[in-house]
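The values are calculated or read from the model by the stated rules, or taken from the named source; none is laboratory data. This one's a predicted model, so the numbers in the text were calculated from it and none came from an experiment. So basically every Cβ, Gly included, is an ideal-geometry build from the backbone, and we count neighbours across all protein chains shown. Only protein heavy atoms, including side chains, enter the accessible area calculation; ligands, DNA and RNA are left aside. Shrake-Rupley method; radii C 1.70, N 1.55, O 1.52, S 1.80 Å.
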Number of protein chains: 2
Amino acid sequence: MHPSLPATPDYDAWPVTHQITDVSHDARLVTLHWDDGRISRYHSVWLRENAADDSTVNPATRERILDLSTLSAWPEIDNCHIDASGALVVGIAPEAIELRFHPGWLRYHDYDNTIDDRQPLVPVTTWLGGPEQSPVTLEADGWLDTTPDSREEAEVLTPALEAILGRGLVRLRGLPTEPGTLAHIAERIGPIRSTNFGTLFNVKAKHDPDSNAYTSIALPPHVDLPTREYHPGLQLLHCLENSVSGGQAVMLDGFAVAEALREEDPDAFDTLTRVQWRFANTSRNTDYVWHSPMIVLDDRGQLEEVRIADFLRGPLMTNFDEVDAAYRALMALQQRLRQPRFALRFTYAPGDLVIFDNRRLLHARDAFSGDSGHRWLQGCYLERDEIRSRYRIVQRRRREQLVAAAGDELSAPAHAEP
Amino acid sequence: MHPSLPATPDYDAWPVTHQITDVSHDARLVTLHWDDGRISRYHSVWLRENAADDSTVNPATRERILDLSTLSAWPEIDNCHIDASGALVVGIAPEAIELRFHPGWLRYHDYDNTIDDRQPLVPVTTWLGGPEQSPVTLEADGWLDTTPDSREEAEVLTPALEAILGRGLVRLRGLPTEPGTLAHIAERIGPIRSTNFGTLFNVKAKHDPDSNAYTSIALPPHVDLPTREYHPGLQLLHCLENSVSGGQAVMLDGFAVAEALREEDPDAFDTLTRVQWRFANTSRNTDYVWHSPMIVLDDRGQLEEVRIADFLRGPLMTNFDEVDAAYRALMALQQRLRQPRFALRFTYAPGDLVIFDNRRLLHARDAFSGDSGHRWLQGCYLERDEIRSRYRIVQRRRREQLVAAAGDELSAPAHAEP
């Protein structure tokens, strides 16, 4: 009987899509040859701390318990081979222990051939607006009644999560207009992020507004809560009532605006990636302040977020000699925010719910007449972490099906020999 | 009668500690001379967009409504003077409007003389551990019964907020041991940050643990949730029961550990500020992943956060040629985490509540025997934003008192002239 494949140091499923055909080693490196010609190298110390045995991982939680610095010496490779299950077996000196590694897990974690482990889960596709554009729109069937964490739920969530991750925006249609429905939708993705505006907030004109959002005036394109160190990664808005004249919703892809600025006015782009603007709320009982460029690039130069909201900026407190250039760049950006080429416009119907990346998309609304009817959106925030986690789980469920199918194959009766 | 001082573009209070003695201008700059000799310059465009009049700010919310790029030309200064109230009055061309600026507000927002608007609200003081050390400890009187946002509340909160901002840690004593009390304490600072572990989580040994925290094993020094893009800025732990043998709490100042490493092994320090480790939770239904250095410096080279938790690291997926150096640096760090010089040790008494900066401090606990009694901590998270906002409000209340006192002076009967 074949030995079974070893455990992995996680709860994930790793289909064995390729076999290891050859293995060699020196004291510090194991080199694997795969059946498709790929060659992968793994460091001895990396293998040691990513083992899945009980000296490395707590079997109850699969969290690491090994502290590498307590070993008597650097882990070195004494011997290695591939066993009958296809697993890599490595003898580690000086502990004189033998560790087994799952080939599917090893293949996925092949850092020798991984260009960038931080690439987006779904490719980012920037977009322009215009009259013929509308958001990716899906029926909301299933969001309220599939079993949490089931395969059916994964199927319902997948196209929505991919639209949000890729285009920054999705619209679900046909939801009930019960207040609080939003929380059930949001929790399909992850826990709601509460703020000083509450857990669920109500966007309607108020008598004593603590934000321009709670008036009937037009709102210019903006992200919410740029005054926070980490402004919310996702915003959800659920339309419960809309019978007013005006108040059309407008959304812009902030990454597309930034790319246009980079192309058309590179000095302004560069200035807006550098100048630390002061974002500040003006409120009677809270005082959030954060400093940030308006266009934030990550350490690889890729667009990470935009922080744009004229009405949530405090006085600029930067290097005196940069102030005129900063304002020139700001105006170059402001002009583009008004250009129709970026604006995706739509009207909320009761039962619509939009989910969008609040660190990428800007949203705006036209003024409406408070006397013409009622307009009531219910909103909440999530973090980007939550959608990434949920999407990885959706991908994991797909891998689990592959592993289960392969197991069925293995356990099917062998072909009768002649 | 004197004209009254103009409004400011916020809800804050700005005591007039100095008078403007002289003013001059060219088209793009106003130059002020103050009664203590300070000279401050303000750009025309900066003054234009930070005005507090109704063309610039929505009077209901004090949020900006001006879009600078809609002006017909760059705002230039046509004339300026100091009026009888002590305010700066600026005539702006080409709009031909006159704007008035509050001298207390101008003095505070003097970016011409501000070295760094991003300096910490309270100076950061790193600390070592050792047997004679204990956390800053305050009686919790008042946290449950002062009026929210009152001057009395500000007095209760101030020393605790200053300890957390400055040393990263405070201990409150003498609270009730009712489950849920924690939420009332936390909300004095700001809204709780929910996670997949819930809003309030219970740290006790569980039968089916989804984290090593929910076992009775020792936990090495770590921060919570380094698997999130923004790991929680504050953690609160409230002791409801503690009758076990063992289970002593240990805390380390991660900034002190980082500084020691920088001094003693600069290569390891440098490596840990650069290598992108993979932080990953291992769970059945969530899959959080984030990449980060273990020691994070901001763009000015100052310590911003540490991300250290061996049991929440996934397989390192970085540049192949950096792997051995990364592990050497990791072990240099791990060795220091075990050194008694950093460890502050204490035993939770029922009714104790600690609040600490989870992006700076590492916490750990000794193993305990589950049979020896009960150990129950209730915990929750907040963001750093919340404590900063709360502390700014405390400072604002102090300024309001100064302004009110000055107002009393002004409204007091004038000295009788001879």
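Computed quantities for the displayed model
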{"read-out": "Test: A:G180 is in the same structural domain as A:G142 (by TED's automatic domain parsing) and either under 15 Å from the mean Cα position of the chain (by Cα) or open to solvent by 30 Å² or more (accessible area, probe 1.4 Å) (or both)", "value": "no"}
{"read-out": "Count of region A:264-312 residues which are more than 7 Å from chain B (Cβ to nearest Cβ), without any contact (Cβ under 8 Å) to a residue 40 or more places away in the chain, open to solvent by 10 Å² or more (accessible area, probe 1.4 Å) and in a strand (DSSP E or B)", "value": "2"}
{"read-out": "Those residues of region B:70-82 which are within 10 Å of chain A (Cβ to nearest Cβ) and assigned to a loop (DSSP other than H, G, I, E, B), in sequence order", "value": "B:L71, B:W74, B:P75"}
{"read-out": "Residue under evaluation B:R359, criteria (1) out of contact with any strand residue (DSSP E or B) (no Cβ under 7 Å at 6 or more places or on another chain); (2) part of a loop (DSSP other than H, G, I, E, B), criterion not met", "value": "(1)"}
{"read-out": "Which listed residue is in contact (Cβ under 8 Å) with a residue 40 or more places away in the chain, surrounded by fewer than 17 Cβ atoms within 10 Å (Cβ to Cβ) and out of contact with any Pro (no Cβ under 8 Å at 6 or more places or on another chain), from A:R228, A:R151", "value": "A:R151"}
{"read-out": "Count of residues meeting criterion [in a loop (DSSP other than H, G, I, E, B) and either open to solvent by 20 Å² or more (accessible area, probe 1.4 Å) or without any contact (Cβ under 8 Å) to a residue 12 or more places away in the chain (or both)] in region B:128-144", "value": "8"}
{"read-out": "Scope region B:50-69; condition at the interface with chain A (Cβ under 8 Å from one of its Cβ atoms) and not in a loop (DSSP other than H, G, I, E, B); matching residues", "value": "B:R64, B:L68, B:S69"}
{"read-out": "Positions within region B:365-398 being among the acidic types (D, E) and within 12 Å of the chain's Cα centre (by Cα), in sequence order", "value": "B:E383, B:D385, B:E386"}
{"read-out": "Residue identified as modelled with pLDDT of 95 or more and more than 23 Å from A:L361 (Cβ to Cβ) among A:L182, A:L106", "value": "A:L106"}
{"read-out": "Residue tally, condition buried (at least 19 other Cβ atoms within 10 Å of the Cβ) and part of a strand (DSSP E or B), over region A:154-176", "value": "4"}
{"read-out": "Some residue of region B:211-218 being open to solvent by less than 20 Å² (accessible area, probe 1.4 Å), modelled with pLDDT of 95 or more, in the same structural domain as B:R345 (by TED's automatic domain parsing) and not hydroxyl-bearing (S, T, Y)", "value": "no"}
{"read-out": "Cross-chain or 6+ apart pairs with Cβ under 8 Å, region B:63-87 first and more than 27 Å from A:D310 (Cα to Cα) and open to solvent by 60 Å² or more (accessible area, probe 1.4 Å), then outside any helix (DSSP H, G or I) and at pLDDT below 95", "value": "B:A84/B:H2; B:A84/B:P3"}
{"read-out": "Residues within region A:358-380 that are open to solvent by 10 Å² or more (accessible area, probe 1.4 Å), within 13 Å of chain B (Cβ to nearest Cβ) and in contact with a helix residue (DSSP H, G or I) (Cβ under 9 Å, 6 or more places away or on another chain), tallied", "value": "1"}
{"read-out": "Residues of region B:325-340 satisfying the condition of being touching a helix residue (DSSP H, G or I) at 6+ places or on another chain (Cβ under 8 Å) and either more than 11 Å from chain A (Cβ to nearest Cβ) or buried (at least 20 other Cβ atoms within 10 Å of the Cβ) (or both)", "value": "B:A326, B:Y327, B:A329, B:L330, B:L333, B:R336, B:L337"}
{"read-out": "Some residue of region B:95-104 being within 30 Å of B:V156 (Cβ to Cβ) and crowded, with 17+ Cβ neighbours inside 10 Å", "value": "yes"}
{"read-out": "A:S211 being without any contact (Cβ under 8 Å) to a residue 24 or more places away in the chain and farther than 18 Å from A:R359 by Cα", "value": "yes"}
{"read-out": "Only one of A:D22, A:D35, A:D10, A:D26 that is of a type in the set (D, E), open to solvent by 10 Å² or more (accessible area, probe 1.4 Å) and touching a Lys or Arg at 6+ places or on another chain (Cβ under 8 Å)", "value": "A:D10"}
{"read-out": "Among (1) of a type in the set (D, E); (2) under 21 Å from A:T347 (Cα atoms); (3) within 12 Å of chain B (Cβ to nearest Cβ) - the single one A:D224 does not satisfy", "value": "(3)"}
